[in-house]
Amino acid sequence: MGRRGRKRQLELEDEYWKLVLAGVGTVEACRQVGIGRKTGYRWRAERGGIPPARVAEESRSSRYLSLLERQRIATLHERGLGVREIARRLDRAPSTISRELKRNMCPHDQGIYDADLAHARARAKARRERAGKLVGDDALRALVQQKLELDWSPQQIVAWLRVEHPGKPGWHVCHETIYQALYYGGKGGLSRTPTKRLRTGRPLRKRRRRINQRQIRFIAPAAPIDARPPVIELRHRIGDWEGDLIVGRMSQSATGTLVDRTSRFVRLVHLPAGHAAEAFVDAVAPVLATLPESARLSLTWDQGSEMARHDLLAPHFSDGVYFARPASPWLRGTNENTNGLLRQYFPKGIDLRRFTVADLARVEHLLNHRPRRILGWRTPAAVFTERLQS
């Protein structure tokens with residue numbers, strides 16, 4: 001009996017392939033997983049660069065039909081149901097079902113839709129190598145590279161190409177084409193060097209969790225933003241606050257931000273002990289205590305773990321504490337806009353612990369006494385004081 005080979009490390013292989021599918025290079029993926037380079041290259045060679053079915057299926061976006069959905073289509077189609085009824089039962093667009101039946105059902109199938117066969121055909125088409133537009137057009141590639149080196153964003157480049165070259169529809173690419181050429185360009189694509197000049201400065205695209213895969217971070221039950229009193233949406237009163245953190249380098253430091261939805265009045269929270277839940281509550285409670293009770297009606301925050309003990313802050317607000325849905329910053333638009341203004345004084349990539357309470361008070365004063373167009377060129381401090389007195 002021959003010697004048995006080494007047992008395959010399926011969990012490590014899955015993690016490795018997930019990183020590769022997310023755009024991480026082989027060497028970096030091996031380092032993150034904790035395997036040698038030769039092992040990673042061997043796994044790629046054994047599969048011809050194609051990930052295992054279990055990983056590829058898990059990594060597929062919900063935009064695309066899954067094997068289970070195709071099996072349901074096959075069953076319903078066999079029963080004689082129409083395209084619109086199948087789409088209604090799967091909660092998909094009728095056009096999606098119609099295209100699926102046309103693309104993945106060949107003439108020799110004799111009108112029978114086989115789910116497994118259709119899924120295999122769809123996966124084979126998705127794996128087909130496609131050369132990007134920038135790879136085959138040297139002039140366009142050089143022009144895009146030049147603009148990237150001038151710190152232009154892909155969106156700005158796309159808009160400029162359409163305005164300056166209306167007679168060249170082949171140059172009217174979308175911004176994702178440029179991102180693909182930057183991050184997955186390969187031979188003939190764009191140089192990776194301009195990725196440092198992008199707004200994020202990110203050399204690799206990071207794989208992000210889907211919203212439905214996020215775990216609840218709070219100990220006490222949290223009230224969703226949909227449960228807020230309707231009067232908050234009207235912005236007729238002061239005391240309805242939105243809050244968040246601006247974080248420093250490597251997320252090792254932070255400053256809390258509070259902004260009134262109506263007056264845009266800003267309060268900053270000094271966090272010298274960090275932004276863990278208990279430390280955050282200890283730091284923000286004294287700031288809230290300086291506000292009159294009539295100016296503490298509600299608070300809307302994001303899903304950050306710093307609010308894990310939001311139950312300790314709830315007594316400060318008569319109408320309660322609410323949380324926006326995950327990955328939905330526009331639900332706290334006033335606070336997001338304010339955080340953008342604050343970055344003028346607290347740039348990204350620095351240690352926020354270097355700023356003292358006096359520094360935060362100075363920035364508060366500058367923002368609160370600056371005229372705002374949305375307030376009819378009045379200052380947040382003036383509007384806040386007037387509404388408080390009335």
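No lab work stands behind these numbers, since they all come straight from the coordinates. Note that the structure is a prediction, hence the values are computed from the model and not measured. Cβ atoms come from the backbone with ideal geometry, glycine included; neighbour counts cover every protein chain shown.
Amide H contacts for THR262 (H built 1.01 Å from N in the peptide plane; partners 5 or more residues away or on another chain; cut-off under 5 Å): GLY239, ASP240. Please give the helix 67-78 orientation as an angle from the longest Cα principal axis of the chain, in degrees from 0 to 90, rounded to the nearest 10. With rounding to tens, the tilt is 60 degrees. Classification of the chain by its C-alpha gyration tensor yields a prolate form. The axis ratio a/c (a ≥ b ≥ c) is 1.5 or more, and a/b outweighs b/c. For the chain, give the share of DSSP beta bridges that are antiparallel, in percent and rounded to the nearest 5; count only bridges with both residues there. In the chain, DSSP labels about 60 percent of beta bridges as antiparallel. What does the C-alpha gyration tensor say about the overall shape of the stretch 310-390? Classify as rounded when a/c is under 1.5, otherwise prolate if a/b is larger than b/c, or oblate. The shape class here is rounded. Compared with the dominant principal axis of the Cα atoms in the chain, helix 10-21 is inclined by about 80°. Charged side chains reduced to their Cβ positions (Lys and Arg at +1, Asp and Glu at -1) give the chain a dipole of some 1740 debye around its Cα centre. Note: relative contact order over the stretch 138-197, using C-alpha pairs below 8 Å and six or more positions apart, is 37 percent. Checking the cross-link pairs LYS196/LYS348; LYS18/LYS38; LYS133/LYS196; LYS133/LYS168; LYS18/LYS133 against a 24 Å limit on the alpha carbon distance flags LYS18/LYS133 as lying beyond it. Applying 0.36 nm per residue to the separation of ALA382 and HIS369 and subtracting their alpha-carbon distance, the gain on full extension is 3.9 nm.
Sequence-distant contacts, meaning Cα pairs under 8 Å at least 6 residues apart, place the relative contact order of the chain at 11 percent. Modelled this way, with points 7 Å down the Cα-to-C-beta line, the labels at GLU78 and ARG121 are 1.7 nm from one another. Taking the longest Cα principal axis of the chain as reference, the axis of helix 357-368 is set at about 90 degrees. Taken along the Cα-to-beta-carbon direction at a fixed 7 Å, the label points for TRP160 and ASN337 span 2.9 nm. The length gained by stretching the chain between GLU176 and ALA276 to full extension, at 0.36 nm per residue less their Cα-Cα distance, is 32.3 nm. This model, with +1 at the C-beta of Lys and Arg and -1 at the C-beta of Asp and Glu, gives the stretch 138-197 a dipole about its Cα centre of some 120 debye.
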